[in-house]
Amino acid sequence: MKRYFIAANWKMNKTIGETKEFLDSFLPMVKDVSGTEVVLAPPFTSLDAAFQKVKGTNVQLSAQDLFWEDKGAYTGEISVAMLLDAGCRHVIIGHSERRQHFGDNDDAVNRKIKAAKKAGLGVIFCVGESLEQREAGKTFDVIRSETEKGLEGVTDENLVVAYEPIWAIGTGKTATTEQAQEVHAFIRKILEDSYGNKAGSIRIIYGGSVTPENVDSLMVCRDVDGALVGGASLKPESFSRIVNFKKEM
Ligand code: PEP
């Protein structure tokens, strides 16, 4: 039986007060969810307030990024130890917005993944092609390259891979179920080349304009094991409907 993994990526949204307000509504809506890990990635400033609300519940906390060094003169950065201390169990690494706007290249992504895993923090590792790359027929080359470089020297445990086509993030354009399944199966194959049978238990989740309207059809795809949700995770009603997706169509 699949154990789904559904994570909210709040990006640079919500103050501490808004975080608390969201959780007061959201937690009762998802308290009976079973068979799905529910994860919330608020901004760093809201982590502690979120942790005070989610501890002892079925909702886990994730950070949106980290820096690979343990401590020191790295103004503005956050270490793995700080994230664990704040109650995080996961961290998103390699999100396309970090790659595009903050210069996170494959090497940086790989270092961040290794630092997180070394300390026992679960990793939500994002890969995905741009529209230009898809139209040029380069989708599979990009996915192979990002996946292999990001995971070089990385073991399989505590790892979730998120396929996030850049053209579908925040645009309202979702990949069709066929497009999602095709790339997820391809990622599974790459993981099998590195991890053999163990690749079957690595969750490969889809991200890119997931909504209450399209989640059910995406979740029935064979190799889709969950979702990474941006815009539609900001309202408790909408994200709780996604988490409570219908397993049969
Ligand atoms: C994301 O940022 O990870 C994402 C998938 O955003 P959205 O759901 O808004 O497309």
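The values are calculated or read from the model by the stated rules, or taken from the named source; none is laboratory data. Keep in mind it's a predicted model, so treat the numbers as computed, not measured. Because the Cβ atoms are built from the backbone with ideal geometry, glycine has one as well, and the counts that use them run over all protein chains shown. Heads up: the accessible areas ignore ligands, DNA and RNA and are worked out on the full protein's heavy atoms, side chains in. Shrake-Rupley method; radii C 1.70, N 1.55, O 1.52, S 1.80 Å.
Shape summary of the stretch 137-249, radius of gyration then Dmax from alpha carbon positions: 14.1, 40 Å. For Gly196, the shell of other residues with beta-carbons less than 14 Å away shows a net charge of -1, using +1 for Lys and Arg and -1 for Asp and Glu.
Between Lys71 and Ser145, how high is the FRET efficiency from 1/(1 + (r/R0)^6) when r is the Cβ-Cβ distance and R₀ = 35 Å? Nearest 0.05. About 0.65, to the nearest 0.05. Sequence-distant contacts, meaning Cα pairs under 8 Å at least 6 residues apart, place the relative contact order of the stretch 4-243 at 20 percent. Relative to its Kirkwood radius, the Cα radius of gyration of the stretch 36-100 gives an Rg/Rh of 0.98. Set against the 2.2 N^0.38 Å expectation for a compact globular protein, the stretch 68-211 has a Cα radius of gyration ratio of 1.05.
Name the residues of the stretch 92-123 whose amide N is less than 20 Å from a point 7 angstrom out from the Cα of Glu135 along the C-beta direction? Inside the label zone: 100. Taking the protein heavy atoms of the stretch 4-243 in the context of the full set of protein chains, the accessible area attributed to carbon and sulfur is 50 percent at 1.4 Å. For the stretch 53-89, list residues with backbone N below 11 Å from a point placed 7 Å from the Cα of Lys118 toward its Cβ? Under 11 Å, as judged by backbone N against the label point of Lys118, lie 68-71, 80 of the stretch 53-89.
Given the alpha-carbon gyration tensor of the chain, what are the semi-axes of its equivalent ellipsoid in whole angstrom, ordered largest first, with each equal to the square root of 5 times an eigenvalue? Walk me through the intermediate numbers first.
Values: eigenvalues 123, 105, 57 Å².
So the equivalent ellipsoid measures 25, 23, 17 Å along its semi-axes.
The value of relative contact order for the stretch 47-167, using C-alpha pairs under 8 Å at least six residues apart, is 24 percent.
Which pairs in the list Lys71/Lys114; Lys11/Lys112; Lys114/Lys198; Lys11/Lys247; Lys20/Lys235 are over 21 Å apart, alpha-carbon to alpha-carbon? From Lys71/Lys114; Lys11/Lys112; Lys114/Lys198; Lys11/Lys247; Lys20/Lys235, over 21 Å: Lys11/Lys247.
Summary of the geometry: the stretch 105-161 and the stretch 174-249, compared by the centres of their Cα atoms, lie 16 Å apart. Full extension of the segment from Thr176 to Ser25, taken as 0.36 nm per residue of separation minus the current Cα-Cα distance, would add 51.2 nm.
For the cross-link pairs Lys14/Lys55; Lys14/Lys149; Lys117/Lys173, the ones whose C-alpha atoms lie over 31 Å apart are Lys14/Lys149; Lys117/Lys173. The charge dipole of the chain, taken about its Cα centre with unit charges on the Cβ atoms of Lys, Arg (+1), Asp and Glu (-1) only, comes to about 520 debye.
Per residue, how much accessible area does the chain have with a 1.4 Å probe, in Å²? Can you show the working numbers first?
Working: 11600 Å² over 249 residues.
Dividing the accessible area of the chain by its residue count gives 47 Å².
Show me the ranking of peptides 68-77, 2-11, 176-185, 202-211 by mean Cβ neighbours inside 10 Å, starting with the highest.
On the way: 68-77: 10.2, 2-11: 21.0, 176-185: 17.2, 202-211: 23.8.
Ranking the peptides 68-77, 2-11, 176-185, 202-211 by packing returns 202-211, 2-11, 176-185, 68-77.
May I ask you to work out the translational diffusion coefficient for the stretch 1-41 at 20 °C, viscosity 1.002 mPa s, via Stokes-Einstein with Rh from the Kirkwood sum over Cα pairs, reported in whole µm²/s? Answer from the Stokes-Einstein relation: 186 µm²/s. Entry note, the chain: the mean residue ellipticity at 222 nm calculated from DSSP H runs of n ≥ 4, each adding -39500 (n - 2.57), is -11500 deg cm²/dmol after division by the residues and rounding to the nearest 500.
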